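Novice: Encoded as structure tokens, here's the structure I'll be asking about.
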Amino acid sequence: MLMRSCAGGVVFKDESVFLLKNEKNEWVLPKGVIRDNRTDVDVAIERVKKETGLKNVNIISPAGETSYEFYSITRKVPVYNEIVWYIMTTEDEDYNVSTEDGFQDGGFYPIEDALEMVTYSQDKSLVYLSYKRYKEMKKIAI
């Protein structure tokens, strides 16, 4: 089994969260594989920027970890991904979903809609819990 460490972001703008629709028509969060002794923070920020086209994102808190397994048809081997997530914010209005990374659609969606859209239950939980934390942190900052 191929074991991979990944990092990604749950990106909020006001009362919306950024979702991406991948080539399998799944609604997911931006993330990528950690390579070359990079830090999870660097990879999370880099992948969010690359996959969403957002230019200014800020990490405000760790969000937790998720993991999943799948069978890679191209590699002909099972793959285990462990992802470290960060809660991020942006004020950017403009974004550009990366079609070169296989994404078909994406953007900011109101939390209630996003929770219905997200494909995987652990990602739904991640978005929900991250949103609660994001709101708590906004109250503290005021």
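What follows draws every value from the coordinates through simple rules; no lab data is involved. Since the structure is predicted, the reported quantities are computational estimates derived from the model, not experimental observations. Note: ideal-geometry Cβ built from the backbone for every residue, glycine included; neighbour counts use all protein chains shown.
Novice: For region 2-141, just the Cα set please: Rg and Dmax, both in angstrom.
Specialist: Just the Cα atoms of region 2-141 yield Rg and Dmax of 14.4, 49 Å.
Novice: Just give me a number: lysine pairs in the chain, eight or more positions apart or cross-chain, with C-alpha atoms less than 12 Å apart.
Specialist: On the way: K13/K135; K13/K138; K31/K49; K31/K50.
Going through the chain pair by pair, I get 4.
Novice: Next up: Restricting to DSSP H runs of at least four residues, report the calculated mean residue ellipticity at 222 nm for the chain, -39500 (n - 2.57) per run over all residues, nearest 500 deg cm²/dmol.
Specialist: Calculated at 222 nm, the ellipticity per residue is -9500 deg cm²/dmol.
Novice: Region 79-102 to region 1-15: how many Å between their Cα centroids?
Specialist: Using only Cα atoms to place each centre, the spacing works out to 7 Å.
Novice: What range in the chain is the longest one free of trypsin sites (Lys or Arg not before Pro) that are in a loop by DSSP and have at most 12 other Cβ atoms within 10 angstrom?
Specialist: 77-142
Novice: Could you please rank V28, V11, placing first whichever residue has the fewest other Cβ atoms within 10 Å of its Cβ? Please list the in-between numbers first.
Specialist: Details: V28 19, V11 29.
Ranked by crowding around the Cβ, least crowded first: V28, V11.
Novice: Another question about this same structure. Within the chain, what percent of beta bridges assigned by DSSP are antiparallel, to the nearest 5? Can you show the working numbers first?
Specialist: On the way: 26 of 37 bridges.
Looking only at bridges with both residues in the chain, the antiparallel portion is about 70 percent.
Novice: Moving on to the next point. Take region 82-142, compute every pairwise Cα distance, and split them into 5 Å bins from 0; I just need the percent in each bin.
Specialist: P(r) for region 82-142, in whole percents per bin: 4, 13, 20, 25, 25, 9, 3, 1.
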